[in-house]
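Data block below; observations after.
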Amino acid sequence: IKQNLDGIKKISKERILIELYKISDYFVLPSLLETFGNVKLEAMASGIPVITTDAPGARDAIENKINGLVVKPYSPIEISNAIKSLENDFELKSMLIKNGSAYAEQQDWDNVALQYLQLYDDAKKQID
C-alpha cells in the first residue's frame, strides 16, 4: 500500500472543489441562514444551475427562474421538484446556466468596488 501512496500527489482543496463542480449537474444550497455564500457564485461561474432556499443570505444573488431557483426552507419536496423541473425543462436549465454565469462574471472585485462607489456617490448626493 505504501508504494501506491507514494505515487499519489497531494491535491489541493481548491482543485478538489473544481473537480466536484465539473461533475455536478446541479448545486443545491438548502441553507436556513447564510452570510453571502460565495459557493453560489462559484457554482454559477462553473456553469451549474443553482437551487437554494428562500432564507436570508441563501436567496441573495438568486432571482427565481432567472439565474437560479429559490424554494421554501425545510422543504425537501420542493428541492426535489426543482431538480425534476431542471431535468425536464432543458430551456429553463440552459437559461439559468447562462444567466448565472453572466451574474457571477459581474461579481468580480472591480465591479463590486465600482458598485460601492456608485452607492456612496448616490448617498452623498442625497445629503448635499
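The values are calculated or read from the model by the stated rules, or taken from the named source; none is laboratory data. Remember, it's a predicted structure, so these values are computed and weren't measured experimentally. When we count neighbours, we look across all protein chains shown, and the Cβ atoms used for this are built from the backbone with ideal geometry, even at glycine. Ligands, DNA and RNA are stripped out before the accessible areas are found, and what is left, the full protein with its side chains, is counted by its heavy atoms. Shrake-Rupley method; radii C 1.70, N 1.55, O 1.52, S 1.80 Å.
Assorted remarks:
- If you run the Gaussian network model on the chain, springs between alpha carbon atoms under 10 Å, then out of Asp25, Asp108, Asp54 the most flexible one is Asp108.
- Under the simplified labelling scheme, the Phe36-Lys125 pair shows an inter-label distance of 2.4 nm, with each label point 7 Å from Cα along Cα→Cβ.
- Based on Cα contacts under 8 Å between residues 6+ apart, the chain shows a relative contact order of 21 percent.
- In terms of packing, defined here as the mean over residues of other Cβ atoms within 10 angstrom, the peptides 92-98, 110-116, 58-64 line up highest first as 58-64, 92-98, 110-116.
- Placing dummy labels 7 Å off each Cα toward the beta-carbon, the span from Asp54 to Trp109 is 3.6 nm.
- For chymotrypsin sites (Phe, Trp or Tyr not before Pro), the sites in the range 31-107 that DSSP calls loop and that have at most 13 other Cβ atoms within 10 Å are Phe36, Tyr74.
- Extension reserve of the Ser101-Lys84 stretch, reckoned as 0.36 nm per residue once the Cα distance is removed: 4.0 nm
- For the chain, the carbon plus sulfur part of the accessible surface works out to 58%, probe radius 1.4 Å.
- Solvent exposure of the chain amounts to 73 Å² per residue of accessible area, where only protein heavy atoms count and the probe is 1.4 Å.
- Checked against a 20 Å cut-off, the cross-linked pairs Lys40/Lys65; Lys22/Lys98; Lys40/Lys72; Lys22/Lys65; Lys65/Lys93; Lys13/Lys84 give Cα-Cα distances beyond that limit for Lys22/Lys65; Lys13/Lys84.
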